[in-house]
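The numbers here are math on the coordinates, done by the rules we state, and not lab data. Just so it is clear, the structure is predicted and the values come from calculations on it, not from any experiment. Heads up, the Cβs are rebuilt from the backbone with ideal geometry, glycines too, and the neighbour counts pull from every protein chain shown.
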Amino acid sequence: MLKEHYFDPNYQYTSKILKNYLKTQEGFKKKICMDMPSGNGRNIFLLALHFEHVYGVDISQKYLDEIENYKSVYQVFNITTSILDVTKNTPITLSSADFICISHFYDFTFLHKVKLSIKVGAKIYVETPSCRGGNYFELPSKTELEAFLSGFKIIFYKNNVCNSDNRLNKSISFTAILEKKINGSK
Ligand SMILES: C[S@@+](CC[C@H](N)C(=O)[O-])C[C@H]1O[C@@H](n2cnc3c(N)ncnc32)[C@H](O)[C@@H]1O
């Protein structure tokens, strides 16, 4: 795991886009947030400042244990963590979440499942991995990205087209804040 995925009490490795957006959203104090996968808490402690409760899931119990340890160190108790393979299972709290944070994890099927499972009006922050290294093999093509974005109101969007080899259908690294407008079919 890279250094920037370590717990960051000063939020210096947390995205400015996410930080700035959260600052403008006063109504979130009574809302529920999901951080998936949460890693060892880079974003979860920031999210906990802004939401009534944050549910974090990750496949690694070791990372979740780090979050649990820091909860008592920093006296932050509005976080619940549970181990979950998000590519296989959907967290039970997802359908009632008001905000979903998906940071530095990308899997097209997973993202689609999240889109179908969340309620209309729920907001989602997605920050994919960058084009760096071999990441572009996992990132979405333009067609996949358009399919994902349909049905969302776009609050914020920026992208970077990966300049990778000779792939005809280039992949795209992106950061977006979206609001679900309509219910799709499962
Ligand atoms: C690059 S880290 C990002 C963590 C955090 N969202 C962040 O921005 O710091 C990717 C995380 O995905 C988790 N992960 C990988 N595959 C997973 C899966 N199938 N289900 C749940 N978590 C998974 C890893 O354990 C790791 O914590």
Taking region 44-53 and the residues there that are away from the ligand (no atom under 12 Å from the Cβ) and of a type in the set (A, V, I, L, M), the one that is farthest from the chain's Cα centre (by Cα) would be LEU49
Apart from one, (1) buried (at least 18 other Cβ atoms within 10 Å of the Cβ); (2) touching a Pro at 6+ places or on another chain (Cβ under 9 Å); (3) not in a helix (DSSP H, G or I) all hold for PHE148; the odd one out is (3)
Any chance LYS16 is surrounded by 14 or more Cβ atoms within 10 Å (Cβ to Cβ), without any contact (Cβ under 8 Å) to a residue 12 or more places away in the chain and at negative phi: no
Of the candidates ASP35, ASP65, ASP58, ASP98, the one satisfying the condition of being surrounded by fewer than 22 Cβ atoms within 10 Å (Cβ to Cβ) and within 15 Å of the ligand (Cβ to nearest atom) is ASP65
Counting only residues that are within 22 Å of GLY27 (Cβ to Cβ) and exposed (fewer than 14 other Cβ atoms within 10 Å of the Cβ), region 101-122 contains a total of 3
